[in-house]
Amino acid sequence: MARIGKIARLPKEIRDELNRRLNNGERQDKLVDWLNGLEPVKAVLKSQFGGRPISEQNMSDWRKGGYAEWEQSQEVVAFARDIRDKPDAFLQGLDGKLASECFSTLLAVNLVELSKTLLDEKMNMNERWRRVCQVHEQLSRLRRDDHRRTMRRLMF
């Protein structure tokens, strides 16, 4: 689902900078002041929110939603980068798990992220339903594979 709050409506570059600053532990009240002082933010607030400034409650809501999603996506990117850059270290760090189990988790997370993009609220219901069915099919396939792998391990 697309986010509709004040911070979600800001330009991506500003949201990304905000997320980096939150990640670095900057105080929420300072970030609210910083955002409200930016001209592009003022323009969005004026055109879409009657000029009402971003509040600490808006920031708190963002931390629980948009920022949490950003953090998760950063973890996925870091995980994929580690696999690409250091495949031997990755395989050693599996602690007895199959690489396919780890990749299955990675795929599931990416499927969730992709679903958010695929299921745009603005599309017509027939197209949205078609895409929901596609996502369901892929998720079901992934879950079946995980289940088969677990059953094989139990049997042998």
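No lab work stands behind these numbers, since they all come straight from the coordinates. Computed from a predicted structure; not experimentally measured. Methodologically, a virtual Cβ is constructed for each residue, glycine included, from the backbone with ideal geometry; neighbour enumeration extends over all protein chains shown.
Rounded to the nearest 0.05, what FRET efficiency do residue 110 and residue 38 give with R0 = 22 Å and r taken as the Cβ-Cβ distance? Could you check? Calculated transfer efficiency: 0.10.
Shape summary of the range 1-86, radius of gyration then Dmax from alpha carbon positions: 14.3, 50 Å. A full extension of the chain between residue 135 and residue 29 corresponds to an added length of 34.2 nm, given 0.36 nm per residue minus the alpha carbon distance.
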